[in-house]
Amino acid sequence: IFFGKYEKDAGVVVHEVGHVIHWNSKAIADLTHQFFQERTKDSDTKEWTNSGGGKEWAYPDNFINYYTGREYGWESKYASGVRSTHGFMGQEVISMGLQHMYSEPEKFLKEDPDHFWFIYAIMEGLF
């Protein structure tokens with residue numbers, strides 16, 4: 001988690017808090033893994049260039065932001081060839097969802113209602 005001493009974008013802070021929520025609740029981690037697997041089951045990873053010029057991989061799906069489908073190297077390490085079955089996938093689902101919920105909730109609801117309602121249910125404690 002990193003947002004620097006002088007971070008001025010509260011959305012970045014909300015995003016990073018999303019990682020803490022994800023990593024500290026097995027129930028949420030399991031639901032997120034399941035959500036991610038379902039959303040990306042017909043997708044293959046695609047390479048993309050991040051803002052720093054580095055190469056990363058993501059499952060594009062129809063997320064508002066491609067980064068939501070990002071696959072970290074340590075996730076693919078557990079993939080046993082194709083897809084992880086160890087509950088590690090979807091590390092950006094909660095964090096990006098909370099960031100969209102904070103910064104552009106109407107757009108989020110309109111463009112990705114499944115992800116919106118998943119995040120809403122977590123925020124409401126329904127899981």
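The values are calculated or read from the model by the stated rules, or taken from the named source; none is laboratory data. All of these numbers come straight from a predicted model, not from anything done at the bench. Note: ideal-geometry Cβ built from the backbone for every residue, glycine included; neighbour counts use all protein chains shown. Each accessible area value is taken on the protein alone, full model and side chains, heavy atoms only, with ligands, DNA and RNA left out. Shrake-Rupley method; radii C 1.70, N 1.55, O 1.52, S 1.80 Å.
Taking a sphere under 13 Å around the Cβ of Gly54 and counting the other residues whose Cβ falls inside, with K and R at +1 and D and E at -1, yields a net charge of 0.
Computed over neighbours whose Cβ is under 15 Å from that of Tyr66, the net charge equals -4, Lys and Arg +1, Asp and Glu -1. Each residue of segment 18-29 is assigned a 3J(HN,Hα), and the resulting list reads x, 5, 4, 4, 4, 6, 9, 9, 4, 4, 5, 4 Hz, derived from the Karplus form 6.51 cos²θ - 1.76 cosθ + 1.60 (θ = phi - 60°), x at Gly and Pro.
Beyond a 28 Å Cα-Cα separation, which of these cross-linked pairs lie in this structure: Lys8/Lys46; Lys55/Lys110; Lys41/Lys107; Lys8/Lys41? Beyond 28 Å between Cα atoms: Lys8/Lys46; Lys55/Lys110; Lys8/Lys41. The amide H of Glu71, built 1.01 Å from its N in the peptide plane, has Trp57, Ala58, Tyr59 as neighbours under 5 Å, considering only residues 5 or more places off or on other chains. In plain terms, the chain from Asn62 to Glu104 could stretch by 13.4 nm, reckoned as 0.36 nm per residue minus the Cα-Cα distance.
Accessible area of His115 (1.4 Å probe, protein heavy atoms only, ligands and nucleic acids ignored): about 0 Å².
To the nearest 10, the accessible area of Ser25 is 30 Å² with a 1.4 Å probe.
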